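Notes for the one structure printed next.
The values are calculated or read from the model by the stated rules, or taken from the named source; none is laboratory data. Not measured: the values here are computed from a predicted model. Neighbour counts run over all protein chains shown; Cβ positions are idealised from the backbone, glycine included. Side chains are part of the model used for accessible areas, which takes the heavy atoms of the whole protein and leaves out ligands, DNA and RNA. Shrake-Rupley method; radii C 1.70, N 1.55, O 1.52, S 1.80 Å.
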Amino acid sequence: MGLACGPAHADRRVALIIGNSAYKSAPKLGNPVNDAALVGGMFKKAGFDSVDVRLDLSASEMRRMLREFAGRARDADMAVIYYAGHGIELDGNNYLIPTDATLETDGDVLDETIPVERALFAVEPAKQLRLIILDACRDNPFSKTMQRTLASRAIGRGLAKVEPTSPNTMIAFAAKAGSTASDGDSKNSPFAVALVEHLPKPGLDLRKAFGFVRDDVLKSTGYKQEPYVYGSLGGDDVPLVPTRPIATGPQANPQDAVRRDYELALQLATRDGWEAFLAQYPDGFYSNLAKGQLNKIAAEETRAAAEQKAKAAEQEKTRLIAERAQKAEQEKAVAAARAAEEARVAAEKQKQIEQARAEAAEQQRKVAEAAAAKALAEKQAAEKAKAELAAKQAAEKAEQPAKPTADRQIPEAEQKVAALSPAPASTLSAADLAKSVQSELRRVGCLSAAADGDWSATSQRSLTLFNKYAGTQFDVKLVSVDALDALKAKAGRVCPLVCNFGSKADGDQCVKITCRAGYRVGDDNECEKIPEKKPVTTREDSRKRDSDRQQREAAPTSPQARSPGQIYCGSSGCRPVRSGCRLVAATGSWGTGGAVGAVGQGNVAEVCN
């Protein structure tokens, strides 16, 4: 039953921690042993299934530890090796130096050290993540004293670059390839302190965690030491410590064992069973119930004894009558039988009373257990909402580029405790729940106002939009944990992006519409050509044109010379137009006389000055 009730797919995580300080042929290093203890404690508090911390190992001991760890990694989803101590690079290959190494010549490196490839081989069986952390880039004293057997053989400063060939494999160096790391002036190295600060954050992807480690080490060393990570992971986040699971089913009740024993005694329903239960549990809720059951049994025993006594008295009376005993003896027997019957009736009534009391107590027990189960479910729901809010706040805090200056002033020991200790338990208030829902509404594009925890009409309208586009039916007047869960389940924007006039949607942002020369934004929010401006006619211009036209019409027509080749035809026949005359269109009656003479026929007249 214990196996069946456990997590169905719990990831198994194993870690091997090695710290070498007491070198026999080189000056002792102060921090590797302390760093190994610090990092090992971090992995244990992070919930790893197996954490093996080993200090000051010889070459044979290191090989044995790696061989045993490879066996544990076969059944693990995540395998991590952390090494602190001396390392050396020879002809582009990296080696970890045990405490018994002498390295008098460069040829001794192959016999007395452990290749980094051996550590890669040990983590290879892990199914999901293979991680090696090397705090071994310190200034190596062996490279200065060992003799060269071949002049062309290169011994580098620090460690050489490594490119893992297996997928989902990462190798983290305390210092970039070709450079050395600082052992630190305090109890621990800067690299180990940064690892403990960032790696155990629940849900934080390893790539981001090592990025924060790099930033901290750069700042603490005056930008002289830069950690570096080689290898690659897939697109999914790979945290060293997963987000703490939220319990969805009923959790174990501290009084489950008491209840099981009580129900067992209830099935036995004997005086010995209840007395044994009370001896084990003399006080408490279930002990009071057990005492009531014991009183019930005592009442039944009293009733049975009274009934037996009544039967005996009745038999005695019958015997005396049959033997024709004296009247006094008969009356005495009758009185005894009557008293015995009354005692039996009283015992029967007492039994019924005790039975009713026991049944009432049992009913109260069921009601109390139901109330306790309900209270436990409500507590678990509150803890679930609190844990989700804490995880979100931790993720937001982890994404900040740097910690505030005030945090840097906290003592180092307190920072480590704060990083590894869980947040204090607290219930989620209505304002916090509203603020969380508002933040999620902003993320899915349904709310543009700030998340202030005030569930106003603006927030209610935004939840209405979410119901419309997500197909949900949450009550917009009340904020709920179910709405928060539904919002968190949406990976991207739900409500469409609405932009003001003159702007258009570009992804998740509104950008200003820019039109080319000669065009402008029209009423349909699209670019259109600007129309040419027509001259505006004023009333004064119109009056001036009418006055000029009237003057031209009223002025006398100046004589015009006869146009060559014009012929005028009248009633007397046709002839050439006379000199000084011209032909005009006739619009009325024509006559002769005065200064102007005109004769004509039809619609044409000959006009002379």
Run Ala449 past the list (1) within 28 Å of Glu383 (Cβ to Cβ); (2) outside any helix (DSSP H, G or I); (3) modelled with pLDDT of 85 or more and report the number of the one that doesn't hold.
(1)
Is it the case that some residue within the stretch 206-220 is in a loop (DSSP other than H, G, I, E, B) and either modelled with pLDDT of 85 or more or more than 25 Å from Gln393 (Cα to Cα) (or both)?
no
Helices (runs of 4 or more DSSP H) enclosed by the stretch 246-335 - at least 1 residues per element that are aliphatic (A, V, I, L, M), at pLDDT 85 or above and out of contact with any helix residue (DSSP H, G or I) (no Cβ under 9 Å at 6 or more places or on another chain):
271-280
Would you point out the residue of the stretch 488-505, among those that are without any contact (Cβ under 8 Å) to a residue 24 or more places away in the chain and open to solvent by 100 Å² or more (accessible area, probe 1.4 Å), that is nearest to Lys435 (Cα to Cα)?
Ala491
Inside the stretch 454-482, the number of residues satisfying the requirement of being open to solvent by 30 Å² or more (accessible area, probe 1.4 Å) and part of a helix (DSSP H, G or I) is 10
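Just to be sure, is Asp485 acidic (Asp, Glu) and open to solvent by 80 Å² or more (accessible area, probe 1.4 Å)?
Answer is no for this residue.
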Any chance you could count how many residues in the stretch 76-98 are closer than 20 Å to Val39 by Cα and among the hydroxyl-bearing types (Ser, Thr, Tyr)?
2
Hey, Glu348 without any contact (Cβ under 8 Å) to a residue 12 or more places away in the chain and either touching a helix residue (DSSP H, G or I) at 6+ places or on another chain (Cβ under 7 Å) or open to solvent by 80 Å² or more (accessible area, probe 1.4 Å) (or both) or not
no
